[in-house]
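A.B. asks: Sharing a structure with you now.
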Protein chains: 2
Amino acid sequence: MMLDFEDSQLPMRIAEVERDTGLAKETLRVWERRYQFPKPERDELGERLYPFTQVEQLRVIRRLLDNGFRPSKVLGKNLGQLHEMLDSINQSHLTHEQTVRCASLLKLLRLHRGAELRQALNHVFAREGLRRFIIETIAPLNKAVGDAWVRGELTIPEEHLYTEQVQNVLRHAIQNQQGVDDRPNILLTTFPDEAHQLGILMVEALCLAEGANCLSLGTRLPIADIAKYAQEGNFDVVALSFSGAYPSQVAVRDLNQFRERLDKNIELWAGGQALYRKEKRLHGIRVVSDLDHIQSLIKSWRDVRQVDTSRSVA
Amino acid sequence: MMLDFEDSQLPMRIAEVERDTGLAKETLRVWERRYQFPKPERDELGERLYPFTQVEQLRVIRRLLDNGFRPSKVLGKNLGQLHEMLDSINQSHLTHEQTVRCASLLKLLRLHRGAELRQALNHVFAREGLRRFIIETIAPLNKAVGDAWVRGELTIPEEHLYTEQVQNVLRHAIQNQQGVDDRPNILLTTFPDEAHQLGILMVEALCLAEGANCLSLGTRLPIADIAKYAQEGNFDVVALSFSGAYPSQVAVRDLNQFRERLDKNIELWAGGQALYRKEKRLHGIRVVSDLDHIQSLIKSWRDVRQVDTSRSVA
DNA sequence: TTAAATACATGTCCAGGACAAACAAGTGGA
DNA sequence: TCCACTTGTTTGTCCTGGACATGTATTTAA
């Protein structure tokens, strides 16, 4: 309501677009050459200046590529068509209650009520317990936030605020869950090109909630180091997470290669959007199709090993 | 002690080197052209393959550049000379007790005792309180871990383990400190090219410990968004963090530009290694030269405003 | 000693070519 | 109907070598 036209809509340089969209500079240039999009203006030196509208469009395109579309199918389309394509994917099956809760939490986010958002999350957590909190609230909310962002209904600061608050709540929970210390010993991380943090944080919390001894090494760990660390630390399981941004073909190749390197006695669990319907191509790897699945995976590991180390005193 | 020669020492492609060292592909190529280093081998296609030793050397070079050395001074030297130069910088003044404590915590790290490391951190935290814990333990430890890493005394998984555990401890503390809610209202974040997380986490915890209402938006926030968000949210202060990896010249330019954009009524605080001895060039900006300084900054803000909203009930 | 002017150092951008790996579509067999 | 293989196309990443603005060092003038 003040004097802020001309705002953040300034044209961006190619390096800024790379940071914003995650598309490599080289990719942006080669798309321009091949598909005539994006078609940035040029400054007096002939360097690219991307108008805000094109960057916006690139964000949606990125999202579509992550969902399996191919460049040739999306790089001709206009923004309206792209949004239609986006809608065609979003067929998530939420209960009415979940939809309502997501909407009210999103509203807090849009109003920049960080403290209240955190309180609300903690409240749901306290009422429903860690497991249901993550599966029924955080997971759908993550998706809702991502969707709202590409739609332009959320700003970047709002998205960051969300991530920070969820991270605080989850890490707090993780600290409190420590000390259960039963097997399996699970090593949790991601491959070097996967930077998504919330995924492994949710898995870490869920594993601890099952009483498993789960250690996270964060994101972006070199593959050779994962195998070595798991072996030296006597881990029973290595668990890896792949967001939708990870090219699924690459995920399958890397995982199968990694299975070869990894000690046969260590199980390999992998999950995330990039592995949707890829079970058949992954040999000797447990695919975690769903966060809900983790509980049964841990149970079945214990059954097979007959290591009933669970609270024998209770 | 098993059959693992030939291990992670495999030559790396240019994209991997970029990820590992943080040096842009373009920079690596232009260095090769101008300084004949790094001089990677080539595969059958003529594509660069960097031997492990060169990557190791690049890591040290990166560290030296972050400390103000110029490429022409370091790109001719061999690994031994580079390490000498590194030593010449590391003149940190730690007490004997701090040195001993750092060493023992580092040892836990090298032994992969994640749980014990966290326990030890929590123990120090409980005994010394949040403020002393961060300033006298976490800050020196961060530096020790960074130094050990370029020396090759720590592996990447060990460094990740450290970051994860510290993050858990700090975020746990942050959750517990919430609810003080006095002014100043501080907005905490970093510029888009700054990805270092631990810095702002420490500052966030310290501000909350002073009873200030501090909100973190994480790292890598677009500059225009920071100004807008701070204004709309009625923040008193915007605080920004700059690690040693941020080119200090760029930091100064960006900060002064940002000061222009930001509402005059909002104070701008900035700190971190990149701003060492840059106070003179920063106009209208409070330079946080030291974590210890934050306490007095908050105090003086309250004095000036005469907003003594502090615990009047206690 | 400070300040302006000059020369040098350095990172980022550009164009356009090349190629392997990923993919789509078609083919043949169980 | 399903799977395994072949073939042609799509697509991202890498290459070279040139250009230039901006940041840093050095000299010159006040």
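The values are calculated or read from the model by the stated rules, or taken from the named source; none is laboratory data. Being a predicted model, the structure only gives us computed values, none of them experimental. All Cβ positions, even for glycine, are placed from backbone atoms using ideal geometry, and neighbour counts span all protein chains on display. Side chains are part of the model used for accessible areas, which takes the heavy atoms of the whole protein and leaves out ligands, DNA and RNA. Shrake-Rupley method; radii C 1.70, N 1.55, O 1.52, S 1.80 Å.
A.B. asks: Can you tell me which residues in region A:28-58 are away from DNA strand D (no atom under 11 Å from the Cβ) and either touching an Asp or Glu at 6+ places or on another chain (Cβ under 7 Å) or open to solvent by 40 Å² or more (accessible area, probe 1.4 Å) (or both)?
C.D. replies: A:Gln36, A:Pro38, A:Lys39, A:Glu41, A:Arg42, A:Arg48, A:Leu49, A:Pro51, A:Phe52, A:Thr53, A:Val55, A:Glu56
A.B. asks: Let me ask something else. Test A:Arg220 against the stated conditions and say whether it is basic (Lys, Arg) and facing chain B (nearest Cβ under 8 Å).
C.D. replies: yes
A.B. asks: What residue, of B:Val237, B:Val250, is more than 16 Å from DNA strand D (Cβ to nearest atom) and of a type in the set (Val, Ile, Thr)?
C.D. replies: Going through B:Val237, B:Val250 in turn, the sole match is B:Val237.
A.B. asks: Can you tell which of B:Lys25, B:Lys73, B:Lys77 is among the charged types (D, E, K, R), away from DNA strand D (no atom under 14 Å from the Cβ) and either free of Cβ contacts under 8 Å to residues at least 12 places away in the same chain or assigned by TED's automatic domain parsing to the domain that holds B:Ala245 (or both)?
C.D. replies: B:Lys77
A.B. asks: Something else about it: What number of residues within region B:20-63 are under 26 Å from the mean Cα position of the chain (by Cα), more than 14 Å from chain A (Cβ to nearest Cβ) and among the charged types (D, E, K, R)?
C.D. replies: 2
A.B. asks: Is it the case that A:Glu267 is modelled with pLDDT of 90 or more, of a type in the set (D, E, K, R) and touching a strand residue (DSSP E or B) at 6+ places or on another chain (Cβ under 6 Å)?
C.D. replies: Yes, satisfied.
A.B. asks: What number of residues within region B:208-251 are closer than 21 Å to B:Ala274 by Cα and in contact with a strand residue (DSSP E or B) (Cβ under 9 Å, 6 or more places away or on another chain)?
C.D. replies: Residues in region B:208-251 being closer than 21 Å to B:Ala274 by Cα and in contact with a strand residue (DSSP E or B) (Cβ under 9 Å, 6 or more places away or on another chain): 14 in total.
A.B. asks: Exactly one condition in (1) more than 10 Å from DNA strand D (Cβ to nearest atom); (2) among the acidic types (Asp, Glu); (3) open to solvent by 60 Å² or more (accessible area, probe 1.4 Å); (4) at pLDDT 95 or above is not met by A:Asp4; state its number.
C.D. replies: Status for A:Asp4: all satisfied but (4).
A.B. asks: Out of curiosity, is A:Val17 in contact with a His (Cβ under 9 Å, 6 or more places away or on another chain) and surrounded by 12 or more Cβ atoms within 10 Å (Cβ to Cβ)?
C.D. replies: no
A.B. asks: Out of region A:214-243, which residues are open to solvent by 20 Å² or more (accessible area, probe 1.4 Å), in a helix (DSSP H, G or I) and under 16 Å from A:Pro184 (Cα atoms)?
C.D. replies: Residues satisfying the conditions are A:Gln231, A:Glu232.
A.B. asks: Please specify each residue of region A:25-49 satisfying the condition of being more than 9 Å from DNA strand C (Cβ to nearest atom) and more than 20 Å from A:Lys73 (Cβ to Cβ).
C.D. replies: The answer is A:Glu41, A:Glu44.
A.B. asks: Of the numbered conditions (1) near DNA strand C (Cβ under 10 Å from one of its atoms); (2) open to solvent by 60 Å² or more (accessible area, probe 1.4 Å), B:Ile61 satisfies every one except a single condition; which is it?
C.D. replies: (2)
A.B. asks: Can B:Asp20 be described as within 13 Å of DNA strand C (Cβ to nearest atom), modelled with pLDDT under 95 and either among the charged types (D, E, K, R) or in contact with a Phe, Trp or Tyr (Cβ under 9 Å, 6 or more places away or on another chain) (or both)?
C.D. replies: No: the conditions fail for B:Asp20.
A.B. asks: Could you list, in sequence order, the residues of region B:253-282 that are more than 16 Å from DNA strand C (Cβ to nearest atom) and of a type in the set (A, V, I, L, M)?
C.D. replies: B:Leu255, B:Leu262, B:Ile266, B:Leu268, B:Ala270, B:Leu275, B:Leu282
A.B. asks: Of the residues A:Glu204, A:Glu153, A:Glu116, A:Glu159, which single one is within 14 Å of the chain's Cα centre (by Cα) and either more than 21 Å from A:Asp292 (Cβ to Cβ) or hydrophobic (A, V, I, L, M, F, W, C) (or both)?
C.D. replies: Every option except A:Glu159 fails the conditions.
A.B. asks: For region A:94-188, which fully contained helices (runs of 4 or more DSSP H) count at least 2 residues that are within 11 Å of chain B (Cβ to nearest Cβ) and open to solvent by 30 Å² or more (accessible area, probe 1.4 Å)?
C.D. replies: A:114-132, A:156-177
A.B. asks: Specify which of the listed residues (A:Gln9, A:Gln81) is in a loop (DSSP other than H, G, I, E, B) and open to solvent by 40 Å² or more (accessible area, probe 1.4 Å).
C.D. replies: A:Gln9
A.B. asks: Let me ask something additional. Could you grab me the full set of residues in region B:246-264 that are at pLDDT 90 or above and open to solvent by 10 Å² or more (accessible area, probe 1.4 Å)?
C.D. replies: Matches in region B:246-264: B:Arg259, B:Asp263, B:Lys264.
A.B. asks: Yes or no: B:Val17 within 14 Å of another protein chain (Cβ to nearest Cβ) and either assigned to a helix (DSSP H, G or I) or not basic (Lys, Arg) (or both)?
C.D. replies: yes
A.B. asks: Now for a separate question. Under the condition of being modelled with pLDDT under 95 and within 12 Å of chain B (Cβ to nearest Cβ), which residue from region A:231-242 is farthest from B:Thr21 (Cα to Cα)?
C.D. replies: The extreme case among them is A:Asn234.
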